[in-house]
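A short worksheet on the structure shown next.
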Amino acid sequence: MKKVDHIGIAVKSIDRSLDYYIQTLGLSCLAIEEVKSQKVRVAFLDAGNIKLELLEPIGEEGPVATFIEKRGEGIHHIAFGVPDIRTRMAELKEKGVQLLQEEPKLGAGGAEVAFLHPKSSFGVLYELCEKSGKGGVLNGYLR
Ligand code: ZN
């Protein structure tokens, strides 16, 4: 892992929290989109060399809805950008790291994503994310 791509932050409402990030902290919003595979709406904020990803649950199920219910709003995951997600997943598995899924899922901006189980990572939910380079509103920003 060489580069943190973004930090995921669970919020109850993007509409209500975005003002804080833009007006108060002075960050700019790069894009907002729905990520159906994770049952969330996400907003990406430009924080210099990394991005912040606000995650708002859609509906009452899904990983982020469950997270907020149990732990409240706050830091949800840290995402590493990787060039070849399948190779990296296989390497980690070989080293005994538990992954939350066998195959990468489609994430924001058309990226392929996979999560490492916090039990294998000393309490931190890590995401691997590989930018596809094809389509997706965030492409220009995420590369
Ligand atoms: Zn993420």
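Summary of values
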item: Spatially close lysines, pair count over the chain: Cα under 15 Å, gap of eight or more or interchain; result: 11
item: Using θ = phi - 60° and Karplus 6.51 cos²θ - 1.76 cosθ + 1.60, couplings along segment 40-50 (whole Hz; Gly, Pro as x); result: 9, 9, 10, 10, 9, 10, 7, 10, x, 7, 10
item: Antiparallel DSSP beta bridges within the chain, as percent of all bridges there, nearest 5; result: 75 percent
item: Segment 3-133, dipole about Cα centre (Lys/Arg Cβ +1, Asp/Glu Cβ -1), debye to the nearest 20; result: 280 debye
item: Amide hydrogen neighbours beyond the local backbone of residue 58, cut-off 5 Å, H modeled; result: 40, 41
item: ³J(HN,Hα) computed for each position of segment 9-26 - Karplus, 6.51 cos²θ - 1.76 cosθ + 1.60, integer Hz, glycine/proline x; result: 10, 7, 10, 6, 8, 5, 4, 7, 8, 5, 4, 4, 5, 8, 6, 7, 8, x
item: Ranking by accessible area, most exposed first, for 75, 14, 68, 22 with a 1.4 Å probe; result: 75, 22, 68, 14
item: Longest DSSP-loop-exposure-free segment, GluC sites (Glu not before Pro), the chain, at most 13 other Cβ within 10 Å; result: 1-59
item: Long-range HN-HN contacts of residue 8 with modeled amide H, under 5 Å; result: 53, 76, 77, 78, 79
item: FRET E, pair residue 3, residue 84, Förster distance 22 Å, beta-carbon r, rounded to 0.05; result: 0.95
item: Per-residue ³J(HN,Hα) for segment 67-83, Karplus 6.51 cos²θ - 1.76 cosθ + 1.60, θ = phi - 60°, Hz, x for Gly and Pro; result: 4, 5, 4, 7, 10, x, 5, x, 5, 10, 7, 10, 10, 9, x, 10, x
item: Under-5 Å amide H pairs with residue 47, H placed in peptide plane, nonlocal only; result: 52
item: Paired Rg and Dmax values of the chain, which use every Cα atom, in angstrom; result: 14.6, 45
item: The chain: most fluctuating residue of 71, 86, 41 per GNM, C-alpha cutoff 10 Å; result: 71
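The values are calculated or read from the model by the stated rules, or taken from the named source; none is laboratory data. This is a predicted model, so every value here is computed, not measured. Every residue, glycine as well, gets a Cβ built from its backbone with ideal geometry; the counts of neighbours run over all protein chains shown. The accessibility values were calculated without ligands, DNA or RNA, using every heavy atom of the protein model including side chains. Shrake-Rupley method; radii C 1.70, N 1.55, O 1.52, S 1.80 Å.
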